[in-house]
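Enquirer: Take this structure, written in structure tokens, and hold onto it; I'll ask about it next.
Read-outs throughout are calculated quantities, based only on the coordinates presented, and are distinct from any laboratory measurement. From a predicted model like this one, the values you see are computed outputs, not experimental measurements. All Cβ positions, even for glycine, are placed from backbone atoms using ideal geometry, and neighbour counts span all protein chains on display.
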């Protein structure tokens, strides 16, 4: 019921294979909405910069309009601003640096993406639409080859 009491420990390793623990917090509806709004603002700024072709790309990024489960899952993550999700969703860590927005911003791309996906999975689990499920079932069914 209360999202902020749900936490998950996730191990991460640095470039020297030292292991640390990051404690993630499930985000509440308000935090998820803020992450969506921040992502939309970023996309809107890009639209103004690049023009109408971006609008078509935004529409095609809607998770419900994607044909494959893989594309839907990517669009599911992409609807949330990664930095907002990380700042709101990282509760604590055992890394040698203090947990703050500046140090969260210093995470390497691989670690940032991993933690972003983990927080989104914890807070808003991905559910493929019927279209993608049907298309994948059709693709994985038996084929008749002569």
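Enquirer: Using label points projected 7 Å from each Cα along Cα→Cβ, tell me how many nm separate residue 20 and residue 6, to one decimal.
Expert: 2.6 nm
Enquirer: So, one more: In what sequence do 47, 1 fall when counting other Cβ within 10 Å, fewest first? Could you put the intermediate results ahead of the total?
Expert: Numbers: 47 15, 1 4.
Ranking 47, 1 by Cβ neighbours within 10 Å, fewest first, gives 1, 47.
Enquirer: What's the exposure ranking of 77, 20, going from fewest to most Cβ atoms within 10 Å?
Expert: Numbers: 77 17, 20 14.
Taking fewest neighbouring Cβ atoms as first place, the list is 20, 77.
Enquirer: For a footprinting-style exposure proxy, rank 34, 26, 74 by other Cβ within 10 Å, fewest first.
Expert: Numbers: 34 17, 26 20, 74 14.
Ranked by crowding around the Cβ, least crowded first: 74, 34, 26.
Enquirer: For residue 29 and residue 45, calculate 0.36 nm times their separation in residues minus their Cα-Cα distance, and state this gained length in nm to one decimal.
Expert: Taking 0.36 nm per residue and subtracting the Cα distance, the gain is 3.3 nm.
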